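Novice: Quick one: structure below, then a few questions.
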Amino acid sequence: MSRRWLQASEPRQAAYALLLLLSCAGHAAWGAPTDQVVYQTPSIYQTHSGPARMIEHLSFFVIELTAAIFIVVASLLVYVIVRYRQRDPNDDSEPPQIYGSTQIELAWTVIPILIVVVLFLTTARILFAIQDQKMPAAAIDADVIGHQYWWEFRYSKFGFTTANELHVPLSSEQAPMITSLNLLSADVDHSFWVPALFGKIDSIPNQVNHMWFNPDKAGLYVGQCAQFCGVQHAKMLLRVYVQTPEEFAAWVKNQRQPSVQDPAVADGRQLFESQACISCHVVRGTAAQGKFGPDLTHFMSRDTLASGAADNTPANLRLWIKDPDYVKPGSLMPAMQLSDEQIDKIAAYLTTLK
Amino acid sequence: MADSTLPIGSAIDLTPPGETYGTWLEQVHSWVVTVDHKKLGMMYMAYALVFLLVGGFEAILLRIQLAVPHNNFLSPEVFNRIFTMHGTTMVFLMGMPLIIGFANYLVPLMVGARDMAFPRLNAFSFWMTALGGLFLYYSFIGGVGLQGAGSAPDFTWWGYAPYTERAFSRGHSADYWALALIVSGFGTIGAAVNIIATTLCMRCKGMTLFRMPLLVWLNLVVAGMILVTISPLTAAQIMLEIDRYLGGHFFDSQAGGQPVLWMHFFWIFGHPEVYVLVLPAFAIANEVIPVFSRKAIFGYPAMVAASAGIGLISLSVWAHHMFTVGMPSAANAFFVLSTGLVGVPTGIKIFNWIATMWGGKIRFATPMLFCTAFVVQFLFAGLTGIMLSVAPWNWQLHNSYFVIAHFHYVLVGAIVFCFLGGFYYWYPKMIGRMLDERLGKWHFWLFVLGFHMTFDFMHIPGLLGMPRWIYTYEPGRGWEIWNMIVSVGGIIQAVATLIFVYNLVYSYFKGPEAGPDPWDAWTLEWATSSPPPEYNFASEPVVASRRPLWDLKHPEDPDSRYE
Amino acid sequence: MSATTIPLAHGAAHEDWVLPYHGTVGMLALIVAEIAIFTIFVVAYVFYIGKSISGPQPRQVLELPIFNTVCLLSSSFTIWIAERGLKRGAMGAFSLWWAVTVVLGAIFLGGTGLEWKKLIYHDGLTISTNLFGTTFYSLVGLHASHVIIGLTMLLIVLIFSLTGKLKSEHSRQLEVLSLYWHFVDAVWVVVFTVVYIIGR
């Protein structure tokens, strides 16, 4: 059976048009900017944060150094190939046999050692600057917990948990703001990587790793898990929304609210609470308090579902609930074996969780 | 090229062979029960070539899947099994047998010995390696059978715990992986013991350690490294099996086990392992480049020291594979320094090869083509390695396609290229016939084209944020065109390799006779017939310099006067 | 055609061309590999000292195996005496001291078995109890398995000796085997120190 890749094969522009429509439908507290800049190519050379920029500049130094070495040595090789090629195929005489030269050996031992020392000192400076940076008290603090195959974000200072889409405030010269992340894992090794903003750091069970960044340009940055964690490692995508302090505050305010209790979908909520959904998912303010899967309290505030495997549209949501293996084969969400009518009700309920 | 009459007297046995070959069954039997290092060496090489094709086929499957985003050619499960098997195959069933095969064939000949120190251990080692490989590949059909690529390992060739623990890897794929490698690991250690004992105890008269060919030196260093490199992997895999079946907790996070311990053990194996693979490639370059430049190797003592230095320092760099796991900054800094330092002796070797060619009369027969390409490609690979050693930059590049590009540049661009050069160089000795030069040049240039198309461009998606081990990728990230180019290059490499296989078979039957010394070379293996008789030399050689045949061909200007 | 060998370039005589015995070199190489394996298990043991979340701790259940250790280390001495006897051609002395070595090794194994019996049935410590159990049984077990292999080889040699097949010319080969046995004893010194002294 052919798998048309759902509606994610639509151009991104159309997906964002849909989001615009939804956002205009009236929840200002949602916080997604209407003129969102999307940093689509996660290039390590389109950096918008302190650590990433330090790495970028260090890399230029290294490239210049290695390029110089390459040009010198490769030129010598090319010269040798051209100049000392045997011209006359019948010439059987042997060239003078040179066995070595201690001075030359010393020279090309000492000079590389010096180069290595210089490189090491330069590298160490940046390494310590990034890794041992002290976190200011005002830093935004969040825990990032890797799961198979999604990301949990716990903003303990603010008192809420969300999933897959990380929101952080902008850091400007006038108002510097560091986001400080602790990385943990609930199961196997993962790695947290958004190239435009920082170098990756692994999330390893039984260990707490730490990293920080200070993004200086608002927009949406993309990344993904970078340590093989199982069959859907490829779809453990990441979205980091860098927002102005006002937008961020509005987003936090919304996330802190308990879940929306829309009476129009009360039957959907009841159905949801009576299914096994609640053993894996949290919806604050309801009976759903399961910790195995993503927090759904503000599910509709996210642009994608299944950690980026599909855009968050009602049709995709229905498909996901009906047959998760179609969207993300091997994901740990089971097919709930619900009837279409039940799925419609639950989906309708979930789409109210803004 | 020199002709086949050489003043080496009765080193060549001129008595006509009395025995006939016997029935087909008798011939197969003689290979199965052989303890002759030459036959075993060729069996290792044939084994490696078979798995080169198998592993290459797996690579083509991967590249078809990744040629376009959101492709449906392979399911995620199958893709994960195929890339795991590709890596495991190429390292353990292609790389290791290849280096051991060449060492087995050449070391006794080059030191003037009759065979390896322990011929029966030699046979045992080969069959253990073969068994390990067969067991690994049985995983495709064992368990649930062929559907979805069976129970083949699917967790990358690193086998990172806790993913390979029972909780996350149900079924037997982790067991196939661990047990197959434990078994073949015993074979590898046996081979290393043999190489060391042969080199230290069976050199012919006059061949002091500093008169051994550099190939023998490098294989000695490699054998020493194997002893301390394979064992950590064996130990870690035993621990994994204890966890999986005896209820152990070595890597069980629920009981306080630390995944990072597996990482340390694996990389204490894994990094020296890649030097185990590359040093024998250097060994081949050390033999081919001087002969085809018509000059002695420049700086023999420095080359010995550099080889030993690489072996030693490479044991201290392993955690440069772990810069992102959260080690303290001081530890990260240490590994930056040690990794940079291992580049120094490596660079010395490159400079010495160029200095060998300098002032020579270079003949670009196919072996030399491959070894020359090796020099520049290895230079490039080493420099991307230096880039990766810069820990902060590594935090971006780690586990991306940049790393895949780097290590394939070493594995294919350096190691495979050198070994192909070695095949073209020693095939005449092993088989008695020359490989076809025209086909060789076609092979070379097509392979160069395909190699660079694939692995030069592969660096770019890495810089653009594409991680490894993903069965598909998102469109719109700028990765599409590069993946397509990379995939097309793979097809070209496959075609080139098939030309090589054809050459091997065709030349076996139709190649011109080689004689004992078709390349006018200087080490002892060229002092006997092609192929050598079972006992190698009719009488034990006695040498007085590093190039005994040069001394014989140039009695007016022997090396022994200058050493 | 020139003379019978590849001629020497200049006249250094090589009658004294003596290289090491390949059996000894081979065994030393094997020992290096074994040291590497044991090192990894020792590192795992040390890494996990004090990290068990639950279950019996070393201090609670481990007693110093002094008698066992004395037996095993003495067997290195007795095997050396046996070797000396073989070199002299004193086959009776050889067989006697070799048998004593085997008995001492067997006592060590038996003692280990008794210790494990106590740990499992009395203290409830198995390989799956906790990190201590896993690393303890793995490391000590790895060593014990090497003792078993060594004892098996020693027994075979003892049988050869008692049936008169062993000769004084075999001392070089026997030296190789006793090298292995000394290695096994040396490993025990390390294991003893790490498990019973440092780790307790």
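Where a number appears in this text, it was derived from the coordinates with a stated rule and is not lab data. Computed from a predicted structure; not experimentally measured. Please note: Cβ atoms are built from the backbone with ideal geometry, for glycine as well, and neighbour counts cover all protein chains shown.
Novice: By a straight-distance test (C-alpha under 17 Å), which lysines pair with residue A:322 as possible cross-link partners, with residues fewer than eight away in the same chain excluded?
Specialist: Candidates past the 8-residue exclusion: A:345.
Novice: Roughly how many Å is it from the Cα centre of region B:138-187 to that of region B:44-106, as a whole number?
Specialist: 15
Novice: How would A:280, A:225, B:371 line up from fewest to most surrounding beta-carbon atoms within 10 angstrom?
Specialist: A:280, B:371, A:225
Novice: Taking the Cα centre of the protein assembly as shown as origin, work out the dipole magnitude from +1 charges on Lys and Arg Cβ and -1 charges on Asp and Glu Cβ, in debye rounded to 20. Before the final figure, lay out each step's value.
Specialist: Details: 65 positive and 74 negative charges, 129 e Å.
With Lys and Arg at +1 and Asp and Glu at -1, about 620 debye.
Novice: Further question: Amide H neighbours of residue A:49 under 5 Å, at least 5 residues apart or on other chains, H built in the peptide plane: list them.
Specialist: The answer is A:216.
Novice: Which distance in Å, rounded to a whole number, links the C-alpha centroids of region A:248-270 and region B:319-390?
Specialist: Value for the Cα centre distance between the two parts: 58 Å.
Novice: When 1/r is averaged over all different Cα pairs and the result inverted, which Kirkwood radius in Å belongs to region A:94-223? Display every interim value, and only then the final one.
Specialist: Values: mean 1/r = 0.0556 Å⁻¹.
Value: 18.0 Å, from the Cα pair sum.
Novice: What is the sum of charges around residue A:85, taking Lys and Arg as +1, Asp and Glu as -1, for the other residues whose C-beta is under 15 Å from the C-beta of residue A:85?
Specialist: Surrounding charge for residue A:85 is +4.
Novice: Within 15 Å, Cβ to Cβ, of residue B:93, how many net charges do the neighbouring residues add up to if Lys/Arg are +1 and Asp/Glu are -1?
Specialist: -2
Novice: Dipole of chain B (Lys/Arg Cβ +1, Asp/Glu Cβ -1, origin at the Cα centre): which of B:116, B:548, B:360 lies farthest to the positive side?
Specialist: B:360
Novice: In what order do B:204, B:418 fall by count of nearby beta-carbon atoms within 10 Å, going from fewest to most?
Specialist: Fewest to most other Cβ atoms nearby, the residues stand as B:204, B:418.
Novice: Given Cβ point charges of +1 (Lys, Arg) and -1 (Asp, Glu) and nothing else, what value in debye, to the nearest 20, does the dipole of chain B about its Cα centre take?
Specialist: Details: 28 positive and 32 negative charges, 115 e Å.
Magnitude of the dipole: close to 560 debye.
Novice: What average number of partner chain Cβ atoms lie no more than 10 Å from the Cβ of the residues making up B:68-81?
Specialist: So the per-residue partner count for this stretch is 3.
Novice: So, in Å, what gap is there between the alpha-carbon centers of region B:254-278 and region A:157-226?
Specialist: 27
Novice: Another one. Could you work out, residue by residue across A:52-61, how many beta carbons of other chains sit within 10 Å of that residue's beta carbon, and then give the average as an integer?
Specialist: The mean count of partner-chain Cβ atoms within 10 Å per residue comes to 3.
Novice: Here's another thing I want to ask about it. For residue B:361, go through the lysines and keep the ones whose alpha-carbon is under 26 Å away, minus same-chain ones fewer than eight residues off.
Specialist: B:295, B:349, B:429, B:441, B:553
Novice: Also: Neighbour counts of other C-beta atoms within 10 Å: give me C:193, A:161 arranged from fewest to most.
Specialist: Least crowded to most crowded, the residues run C:193, A:161.
Novice: Skipping prolines and chain starts, which residues have an amide H placed within reach, meaning under 5 Å, of the one on residue B:542, given they are 5 or more residues away or on another chain?
Specialist: Placed amide hydrogens put C:6 under 5 Å from residue B:542.
Novice: Averaged across B:262-272, how many Cβ atoms of other chains sit within 10 Å of each residue's Cβ atom?
Specialist: Values: counts 2, 3, 4, 3, 0, 0, 4, 2, 0, 0, 0.
Going residue by residue through B:262-272 and averaging, the value is 2.
Novice: What is the dipole size for chain C, taken about its Cα centre, with +1 at each Lys and Arg Cβ and -1 at each Asp and Glu Cβ, in debye to the nearest 20?
Specialist: 360
Novice: Hey, another quick one. Find out how many positive minus negative residues lie around residue B:458, taking Lys and Arg as positive, Asp and Glu as negative, among other residues whose Cβ is under 11 Å from that of residue B:458.
Specialist: Charge balance in the 11 Å sphere: +1.
Novice: Work out the count of Lys pairs in chain C where the Cα-Cα distance is under 28 Å, with the pair 8 or more places apart or on different chains.
Specialist: 4
Novice: Based on the Cα gyration tensor of region C:22-198, what are the three equivalent ellipsoid semi-axes, each the root of five times an eigenvalue, rounded to whole Å and given largest first?
Specialist: Numbers: eigenvalues 236, 58, 26 Å².
For region C:22-198, the ellipsoid semi-axes come out as 34, 17, 11 Å.
Novice: Projecting each Cα onto the charge dipole of region B:39-561 (Lys/Arg +1, Asp/Glu -1 at the beta carbon, about the Cα centre), which of B:142, B:200, B:488 comes out farthest on the positive side?
Specialist: Selected residue: B:200.
Novice: Hey, another quick one. Of the trypsin sites (Lys or Arg not before Pro) in region A:58-99, which ones lie in a loop per DSSP and count no more than 11 other C-beta atoms within 10 Å?
Specialist: A:87
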